[in-house]
Amino acid sequence: METSNPTKVTVETVVQAPVAKVWSYWTEPDHITKWYQPSEEWHAPRAENDLRVGGEFLTRME
């Protein structure tokens, strides 16, 4: 679906934890597979994350 008036959405939050811990949980595949679950019926058995410039992010959901 296309629209002639794209909308920019910004989401912000404050996390009461050390930056290093938040970065680890947000970027490391072992953590991503644990928190990336939109509902009880879904899970993410696999994730890959290459943070280098040009790297790729992959999450598999089932």
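Of everything in region 13-23, what is at pLDDT below 95 and surrounded by 10 or more Cβ atoms within 10 Å (Cβ to Cβ)? Give them in sequence order.
Hits for region 13-23 are 15, 22, 23.
Can you find even one residue in region 2-9 that is hydroxyl-bearing (Ser, Thr, Tyr), part of a loop (DSSP other than H, G, I, E, B) and either open to solvent by 100 Å² or more (accessible area, probe 1.4 Å) or at positive phi (or both)?
For region 2-9, residues hydroxyl-bearing (Ser, Thr, Tyr), part of a loop (DSSP other than H, G, I, E, B) and either open to solvent by 100 Å² or more (accessible area, probe 1.4 Å) or at positive phi (or both): present.
Restricting attention to region 26-33, does a residue exist that is open to solvent by less than 100 Å² (accessible area, probe 1.4 Å), on the phi < 0 side of the Ramachandran plot and of a type in the set (Asp, Glu)?
Yes, there is a match, as at least one residue in region 26-33 is open to solvent by less than 100 Å² (accessible area, probe 1.4 Å), on the phi < 0 side of the Ramachandran plot and of a type in the set (Asp, Glu).
Hey, can you tell me all the residues within region 30-50 that are touching a helix residue (DSSP H, G or I) at 6+ places or on another chain (Cβ under 7 Å) and either in a loop (DSSP other than H, G, I, E, B) or of a type in the set (Ser, Thr, Tyr) (or both)?
Once the filter is applied, which keeps residues that are touching a helix residue (DSSP H, G or I) at 6+ places or on another chain (Cβ under 7 Å) and either in a loop (DSSP other than H, G, I, E, B) or of a type in the set (Ser, Thr, Tyr) (or both), region 30-50 yields 44, 45.
Under 7 Å by Cβ, and 6 or more places apart or on different chains, what pairs join a residue from region 37-54 that is surrounded by fewer than 12 Cβ atoms within 10 Å (Cβ to Cβ) with one that is of a type in the set (S, T, N, Q)?
45/33; 51/27
The values are calculated or read from the model by the stated rules, or taken from the named source; none is laboratory data. Remember, predicted model here, so these are calculated numbers, not experimental data. Don't worry about glycine lacking a Cβ; one is built from the backbone with ideal geometry, like all the others, and counts go over all protein chains shown. Quick note on the areas: whole protein, heavy atoms, side chains included, nothing else; ligands and nucleic acids left out. Shrake-Rupley method; radii C 1.70, N 1.55, O 1.52, S 1.80 Å.
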